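K.L.:
Okay, here's the structure, questions in a sec.
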Amino acid sequence: MKKTNLQMVERLILESLSRSEKTLHDLFQDTSLSYGLLNNILSQLIFSEMIVYKSGKYSLHPDAPQKISLSKESLQEEIKELFVTLVNQHYEDKEKGVIKVQKVWMDESEEKIFQSYLINLEKFLEGLKTSSRKNKKTQSTKEQKVVVWGHSEYTNLVGQTLKAV
Amino acid sequence: MQTQIQLLKAYRDLYGSISFRQISEQTGIQQTRVFRIFNGHEMRVKEFDIFKKLITIKGEKHSKLFLCLQEASQKLSNEYLMSLERELERKLELWNLQNEIQIEQNLAA
């Protein structure tokens, strides 16, 4: 059964299991999700053949990657949810969720400087991914920092909102 | 008693299969008392008023939502309506994950 899209909590659990098989308690420690919620989601994921349960441990089903829909619509929904959640988190507790919005004019040279900063940021984050693979066993999935960024011209954004309706 | 049964049914229709503990938190009525009310014990006037008020509040919120959806279905683009549908489906799926209903449905299937 192909899953149309993943909830953020489901993705968290699958990411946790992609690192290693785990008991229910291990998952609780790695994700901080309550036992009740974990039990519900794990049952669903077993039913969807995304994970298996054997000898007291949960692990990814060998066919799990094929079962996740990577359609444009499903990815779009997940990313939109991420943005909305981040905005809500920011307004609930500014220390737990940081979001900044700036509207600026850039000339050609300033645009180039801006692009180089973005490239450096991306390289820095990619570098962290590589180094964190070495510390795979010690870091929990829940401790990952989710970083989002993006930019567009004002007119494009306004045009998109008008198009959306 | 018939009025009470209808009231509790209307409450359940609007608020779903939430637990007695959740009903107790929402109404301020003791959990054991909530259990007795839902199992046939006669409500006190104050308890009746609490449930009636909750139904009215939810009913008012619902009516605005349904009116908006009705208007949206006539005015907004098909693409937007489909994205709204997907968003609501996701929220409902998440609600089900948190409230165990999905598991019961799968077992019944």
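K.L.:
Within the stretch A:104-125, can you find the residues that are within 16 Å of A:SER152 (Cβ to Cβ) and exposed (fewer than 10 other Cβ atoms within 10 Å of the Cβ)?
P.N.:
Matches in the stretch A:104-125: A:VAL104, A:TRP105.
K.L.:
Now for a different question. If a residue must be under 22 Å from B:ARG90 (Cβ atoms) and crowded, with 20+ Cβ neighbours inside 10 Å, how many such residues does the stretch A:18-41 contain?
P.N.:
Residues meeting the conditions: 3.
K.L.:
Same structure again: Please verify whether the stretch A:77-93 includes one or more residues that are outside any helix (DSSP H, G or I) and in the same structural domain as A:THR155 (by TED's automatic domain parsing).
P.N.:
yes
K.L.:
Looking only at the stretch A:8-58, how many residues end up being assigned to a helix (DSSP H, G or I), without any contact (Cβ under 8 Å) to a residue 60 or more places away in the chain and not polar (S, T, N, Q)?
P.N.:
19
K.L.:
Of all residues in the stretch A:90-109, count the ones that are touching a Gly at 6+ places or on another chain (Cβ under 9 Å) and hydroxyl-bearing (Ser, Thr, Tyr).
P.N.:
1
K.L.:
Name the residue that is nearest to the other protein chains (Cβ to nearest Cβ), counting only residues in the stretch A:145-154 that are over 22 Å from B:SER83 (Cβ atoms) and out of contact with any Lys or Arg (no Cβ under 9 Å at 6 or more places or on another chain).
P.N.:
Filtering the stretch A:145-154 for residues that are over 22 Å from B:SER83 (Cβ atoms) and out of contact with any Lys or Arg (no Cβ under 9 Å at 6 or more places or on another chain), the one nearest to the other protein chains (Cβ to nearest Cβ) comes out as A:VAL146.
K.L.:
In the stretch B:57-97, which residues are closer than 15 Å to B:TYR15 by Cα and either within 12 Å of chain A (Cβ to nearest Cβ) or touching a residue at least 12 places away in the same chain (Cβ under 8 Å) (or both)?
P.N.:
Once the filter is applied, which keeps residues that are closer than 15 Å to B:TYR15 by Cα and either within 12 Å of chain A (Cβ to nearest Cβ) or touching a residue at least 12 places away in the same chain (Cβ under 8 Å) (or both), the stretch B:57-97 yields B:LYS58, B:GLY59, B:HIS62, B:LEU92, B:TRP95, B:ASN96.
K.L.:
Please find, among A:SER34, A:SER43, A:SER48, the residue that is within 12 Å of chain B (Cβ to nearest Cβ) and touching a helix residue (DSSP H, G or I) at 6+ places or on another chain (Cβ under 6 Å).
P.N.:
Answer to the selection: A:SER43.
K.L.:
Taking A:TYR91 as meeting all but one of (1) within 20 Å of B:GLU87 (Cβ to Cβ); (2) surrounded by fewer than 12 Cβ atoms within 10 Å (Cβ to Cβ); (3) at pLDDT below 90; (4) not hydrophobic (A, V, I, L, M, F, W, C), write down the number of the exception.
P.N.:
Evaluating A:TYR91 over (1) within 20 Å of B:GLU87 (Cβ to Cβ); (2) surrounded by fewer than 12 Cβ atoms within 10 Å (Cβ to Cβ); (3) at pLDDT below 90; (4) not hydrophobic (A, V, I, L, M, F, W, C) leaves (3) as the failure.
The values are calculated or read from the model by the stated rules, or taken from the named source; none is laboratory data. Predicted model only: the values in this text are computed from it and were never measured. Reconstructed Cβ throughout: ideal geometry from the backbone, glycine too, with neighbour counts over all protein chains shown.
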